[in-house]
Amino acid sequence: MSKLNTNSNAYIIIYSAILVVVVAFLLAFIFKALKPMQDANVALDIKKQILYSLNIRGLDGHKAEAKYAEVVKEEQQAGDKPYYVCDIDGQRKYVFPLKGMGLWGGISAFVSVDDDLNTIYGAYFNHEGETAGLGAEIKDSQEWQERFQGKKIYGEDGQLAIGVVKNVEIPESQVDVVTGATLTSNGVSDMLREGLNEYISKLKEE
């Protein structure tokens, strides 16, 4: 019987092919095994973001799940877009998911609004790739997010007034831009104005 030539091209090709198949199988198995856990973590993260928009922070795991079940009463649709009806100390709040574009990619938000459909109760912003210390502050700065609390979406004349601007002229409705991140701030402003107006207009029609 001839000795197996481990230095031959045929051996190397066959060995490599078998190794690739085995590794691919193991990766697929691991991915399938971990996917339920990954999905649960994503779902929990979304619930936390909704709670953040309701000014409820610092909860992890089971506490966040329990609080979400307590305050989020139902999920509704405005056209093809979901929103959440919540109860905070006996007062109805609406939470609207919003999406927009920042400087380097997508940005998103959950914004809670009082039952008057005009007063922002709280906001949480997220991003895909804004610059750390600049545009990323829309997510990282809780203090900046809290500036939106109590802001009016529409002015007394009924016109859309909410905005993120360099020079605040209407403090009831406007918030200062993030320092050094004007383009990201402009993206947040557009997202708020377009997204909130779309949701609220549809709810008022109903």
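The values are calculated or read from the model by the stated rules, or taken from the named source; none is laboratory data. Keep in mind that this is a model prediction, so the values were computed, not measured. For neighbour counting, all protein chains shown are included, and Cβ atoms are generated from backbone atoms with ideal geometry for every residue, glycine included. These area figures cover heavy atoms from the full protein model, side chains too; ligands, DNA and RNA do not enter into them. Shrake-Rupley method; radii C 1.70, N 1.55, O 1.52, S 1.80 Å.
If the condition is being over 18 Å from GLY135 (Cα atoms) and charged (D, E, K, R), then the stretch 158-206 contributes GLU169, GLU172, ARG193, GLU194, GLU198, LYS202, LYS204, GLU205, GLU206. Among the residues examined, GLN159 qualifies as of a type outside the set (Asp, Glu), within 18 Å of GLU198 (Cβ to Cβ) and open to solvent by 60 Å² or more (accessible area, probe 1.4 Å). SER173 fulfils the conditions (1) open to solvent by 40 Å² or more (accessible area, probe 1.4 Å); (2) at pLDDT 95 or above except for a single criterion, (1). Residues that are surrounded by 10 or more Cβ atoms within 10 Å (Cβ to Cβ), under 30 Å from GLU194 (Cα atoms) and charged (D, E, K, R) occur at least once in the stretch 32-46. Residue pairs whose Cβ atoms lie under 7 Å apart, separated by 6 or more positions or on different chains, with the first residue in the stretch 166-181 and free of Cβ contacts under 8 Å to residues at least 40 places away in the same chain and the second of a type outside the set (A, V, I, L, M) and open to solvent by 60 Å² or more (accessible area, probe 1.4 Å), are VAL168/ASP176; GLU172/LYS152; SER173/LYS152; VAL175/ARG147; VAL177/LYS166.
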